[in-house]
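Student: Sharing a structure with you now.
The values are calculated or read from the model by the stated rules, or taken from the named source; none is laboratory data. Because the structure is predicted, anything quoted here is derived from the model rather than measured. Every residue, glycine as well, gets a Cβ built from its backbone with ideal geometry; the counts of neighbours run over all protein chains shown. Protein only, heavy atoms only, side chains kept; ligands, DNA and RNA dropped before computing areas. Shrake-Rupley method; radii C 1.70, N 1.55, O 1.52, S 1.80 Å.
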Amino acid sequence: MAQHFLLSAASRTLSLRSIYKAGEDAAYATFCEMRWPETNGEAVCPRCGCWETYKITTRRKFKCKGCAHQFSVTSGTIFASRKMDFVDLLAAVCITVNASKGVSMIQLSRDLDCQYKTAFVLAHKLREAMAQEVQTGEVLDGHVEIDGAYFGGHIRPENAKANRVDRRLKENQTGKRRVVIAMREREGRTLPFVGMTEGEGVALANENVSRMDTMSADEASHWDELHMGYHVDRVNHSEIYSDHGKHTNMVESFFSRLRRMVSGQHHHVSPQYLYQYANHAAWLEDNRRSDNGELAHRLVANSMDSPISRNWKGYWQRAA
Ligand SMILES: [Zn+2]
């Protein structure tokens, strides 16, 4: 039997040992190359686009010869105002891409020996960088599967039976329950959204799936509306999971990864940031057959291409 790709040596092309052995200067060079690939890492002024700069080596900054603007390799990117060493940032990227179901922020803070708050914001910034590749705005095509799965809002039953409430009733719920609606091409991308009810998926499909396509959905009645716009394969899960190619197994495997990520690593995710975890799981799902060096490379490149985060820049200062 052929060896599974993830068990092969070809899937391991980057290690923490090699990152720390190469050191801070090499890590810094990597960030420069990812930020300015068109000049092989030579600085380009973000304000005027000028290629000629003075290097202020002691502070790892640049000054533009054209407009005198001072900037660093992370200026204007998601890592702007970073305090962490480049080698630790690279290690964080490596740890993040190695974890196929994500890694909790406590664990990341222990691995990097930084505060929990630092790890929390860093991990969320990396998710935002991943989302650049997931939420591209391009419509899905080919054969697209759609499904929804509910997360959060768990109500713990009281200890004594006499004190327990009917958890199905609206007045007893927390209002924190959300549904992740995911569409997945059989041969390609995964596209997740977060909503209040699974039925919102019909409108999302109309916006994000090409009209020429075949879709697959389960027996839930709100998917009936999809038949107006698409050819839809339906599969009744109470009878069968896969019926001669009619199935939603691809999108279910995305949910399986996201469920394990939430229950096994994060334990609790706030409804506000559920979409970030969904994008993270989608990115891992879509890139599951790439080696870890390639994944780290892409994640650094995405980070250097992501603008300053409105959500995460100064998060703890605002919260204080
Ligand atoms: Zn300039």
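Student: Among the residues of region 37-55 satisfying the criterion of being within 20 Å of Leu89 (Cβ to Cβ) and away from the ligand (no atom under 11 Å from the Cβ), which is nearest to the chain's Cα centre (by Cα)?
Tutor: Pro37
Student: So, one more: Among (1) assigned to a loop (DSSP other than H, G, I, E, B); (2) at pLDDT 90 or above; (3) out of contact with any Asp or Glu (no Cβ under 8 Å at 6 or more places or on another chain), there is one condition His124 misses while meeting the rest; what is its number?
Tutor: It fails just one condition, (1).
Student: Right, another one. Under 9 Å by Cβ, and 6 or more places apart or on different chains, what pairs join a residue from region 31-57 that is among the polar types (S, T, N, Q) with one that is near the ligand (Cβ under 10 Å from one of its atoms) and open to solvent by 20 Å² or more (accessible area, probe 1.4 Å)?
Tutor: Listed pairs, sorted by first residue: Thr39/Trp51; Thr53/Lys63; Thr53/Lys65; Thr53/Gly66.
Student: Give the residues of region 151-181 that are touching a helix residue (DSSP H, G or I) at 6+ places or on another chain (Cβ under 7 Å) and either at negative phi or in a strand (DSSP E or B) (or both), sorted by residue number.
Tutor: Phe151, Ile155, Val165, Asp166, Lys176, Arg178, Val179, Val180, Ile181
Student: Oh, and also: Looking only at region 62-80, filter to residues that are under 18 Å from Glu33 (Cα atoms), outside any strand (DSSP E or B) and hydrophobic (A, V, I, L, M, F, W, C); which one of those is nearest to the ligand (Cβ to nearest atom)?
Tutor: Val73
Student: (1) surrounded by 14 or more Cβ atoms within 10 Å (Cβ to Cβ); (2) in contact with a Ser or Thr (Cβ under 9 Å, 6 or more places away or on another chain): which one isn't true of Glu225, the others all being true?
Tutor: (2)
Student: Out of everything in region 204-220 that is touching a helix residue (DSSP H, G or I) at 6+ places or on another chain (Cβ under 9 Å) and either surrounded by fewer than 18 Cβ atoms within 10 Å (Cβ to Cβ) or of a type in the set (Ser, Thr, Tyr) (or both), what residue ends up being farthest from Pro271 (Cα to Cα)?
Tutor: Ser216
Student: Among the residues that make up region 182-199, is at least one of them small (Gly, Ala, Ser), open to solvent by less than 50 Å² (accessible area, probe 1.4 Å) and part of a helix (DSSP H, G or I)?
Tutor: Looking through region 182-199, at least one residue is small (Gly, Ala, Ser), open to solvent by less than 50 Å² (accessible area, probe 1.4 Å) and part of a helix (DSSP H, G or I).
Student: Out of all the residues in region 114-123, which are open to solvent by less than 20 Å² (accessible area, probe 1.4 Å) and basic (Lys, Arg)?
Tutor: We begin by selecting, within region 114-123, every residue open to solvent by less than 20 Å² (accessible area, probe 1.4 Å); these are 119, 121-123.
Result: no residue meets the conditions.
Student: Residues in region 244-258 that are farther than 14 Å from Ala182 by Cα, open to solvent by 60 Å² or more (accessible area, probe 1.4 Å) and either modelled with pLDDT of 95 or more or not basic (Lys, Arg) (or both): how many? Give the steps one after another, and end with the answer.
Tutor: Restricting attention to region 244-258, the residues satisfying the condition of being farther than 14 Å from Ala182 by Cα are 244-247.
Next, only the ones that are open to solvent by 60 Å² or more (accessible area, probe 1.4 Å) stay: 244, 246.
Still in the list and also either modelled with pLDDT of 95 or more or not basic (Lys, Arg) (or both): 244.
Looking only at that region, the number is 1.
Conditions (1) of a type in the set (Phe, Trp, Tyr); (2) open to solvent by less than 30 Å² (accessible area, probe 1.4 Å); (3) over 27 Å from Ala131 (Cβ atoms), marked per residue:
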site: Ala9; (1), (2), (3): no, no, yes
site: Tyr28; (1), (2), (3): yes, no, no
site: Cys32; (1), (2), (3): no, yes, no
site: Ser72; (1), (2), (3): no, yes, no
site: Gln107; (1), (2), (3): no, no, no
site: Leu112; (1), (2), (3): no, yes, no
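Student: Of all residues in region 124-148, which are under 19 Å from Ser100 (Cβ atoms) and either of a type in the set (Ser, Thr, Tyr) or open to solvent by 10 Å² or more (accessible area, probe 1.4 Å) (or both)?
Tutor: Ala131, Glu133
Student: If you don't mind, there's one more thing I want to ask. Mind checking whether some residue in region 259-281 is of a type in the set (D, E, K, R) and open to solvent by 20 Å² or more (accessible area, probe 1.4 Å)?
Tutor: Yes.
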